[in-house]
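To start, the structure under review is shown below, and the notes come after it.
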Amino acid sequence: MRPRMTDPNRSLLTLRGLDAGTLTSLLDRTESLLPVVRGVAQLPRTDSGAVVGLLFLENSTRTRCSFETAVHRLGHQPVVLTGQGSSVGKGESLSDTAANIAAMGMQALVVRTPLSGGAALVARVTGVPTINAGDGRHEHPTQGLLDASTLRSHLGSLKGKRILIVGDILNSRVARSNIHALTTLGATVVLVGPPPLVPWVFAECAPQIEVAHDLDAVLETADAIMMLRIQLERSAGKSVASDYRAAFGMTSTRASRLPEGVPVLHPGPINRGVELDDEVAADLARCLVLEQVARGVSARMAVLERGLVPALST
Ligand code: NCD
């Protein structure tokens, strides 16, 4: 079956190259849909008849459940396929899996895969609007949007703000999507971590990117700090010394050096006692992880709307 041609603007495969206007309108829509997520507003009841295929071929808690919630909230139906229990376990390829699910008549696909570039492959093979829910080390665009939304709600405009991203930058799709979004919105991003996980070459990529290997030296320059998990499943553990927490963790002592309005973010799952101390995670005025999760649903609603509305009206 030949894939149908689809408008590339209905897919979201990367935040790279999205201009500030497009990002801002997605963030504005994320904000306006947030009351629906919080249960204080409702969208008109609709059953759109659209079916969205969620292909989650790598472990996920937040991203999968929030995409599923977003699909329901918009009045569409989700069909969820996870790696475990599917024919992926029999060796079926990503493109065959996606082509078969698309042939069931999906109006959009959401893809999480260990394969960097896998979401673009699915879009190409199926011709169906495709949203990247994390592809290997490459990108996690909806995480970038929900993080930018959380930061914007706490800091106002991101122009001129210094955002520290701390941890395993090399293997992090979250870092990559955030770098694109935050620099496009005018922030400076400081990438912090041990040299094997934060090579100097990142600083060569753009004038708004800095690299630091000493967290304590840059801690107090931050307007916000995003902590990342070491991606053990991508072999990052081999590059990490046993004193990682002492050097790069957000310990209670470090958090106490931050001015009151400087938030700490984390995409989850948190390794407590490694990148975040329990006391920091429990300080909900400082640590915005649950705010990020709430905004994750409305950000995904905004992205799904963009992917689905033209499909439904034609
Ligand atoms: C992130 C991911 O899967 O890339 N988690 C998430 O989507 N909330 C970060 C991580 O797993 O460390």
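None of the figures in this text is laboratory data; all of them are computed from the coordinates on show. Computed from a predicted structure; not experimentally measured. Every residue, glycine as well, gets a Cβ built from its backbone with ideal geometry; the counts of neighbours run over all protein chains shown.
Restricting attention to the stretch 84-110, report how many residues are touching a residue at least 12 places away in the same chain (Cβ under 8 Å) and either part of a helix (DSSP H, G or I) or touching a strand residue (DSSP E or B) at 6+ places or on another chain (Cβ under 7 Å) (or both).
14
So, in the stretch 168-196, of the ones that are assigned to a strand (DSSP E or B) and in contact with a helix residue (DSSP H, G or I) (Cβ under 7 Å, 6 or more places away or on another chain), which residue ends up surrounded by the fewest Cβ atoms within 10 Å (Cβ to Cβ)?
Top of the filtered list is Val190.
Considering the stretch 162-197 alone, what residues qualify as being farther than 20 Å from Leu232 by Cβ and touching a His at 6+ places or on another chain (Cβ under 8 Å)?
Ser177
Within the stretch 120-147, count every residue that is polar (S, T, N, Q) and either more than 23 Å from Pro263 (Cα to Cα) or more than 9 Å from the ligand (Cβ to nearest atom) (or both).
3
With the structure loaded, tell me whether Asp135 is of a type in the set (Asp, Glu) and surrounded by fewer than 24 Cβ atoms within 10 Å (Cβ to Cβ) or whether it fails that test.
In short, no.
For Arg10, which of the numbered conditions (1) within 16 Å of the ligand (Cβ to nearest atom); (2) touching a Gly at 6+ places or on another chain (Cβ under 7 Å) fails to hold?
Failed condition: (1).
Of the residues Ala299, Ala281, which single one is closer than 24 Å to Gly136 by Cβ, within 16 Å of the ligand (Cβ to nearest atom), assigned to a helix (DSSP H, G or I) and not β-branched (Val, Ile, Thr)?
Among Ala299, Ala281, only Ala299 is closer than 24 Å to Gly136 by Cβ, within 16 Å of the ligand (Cβ to nearest atom), assigned to a helix (DSSP H, G or I) and not β-branched (Val, Ile, Thr).
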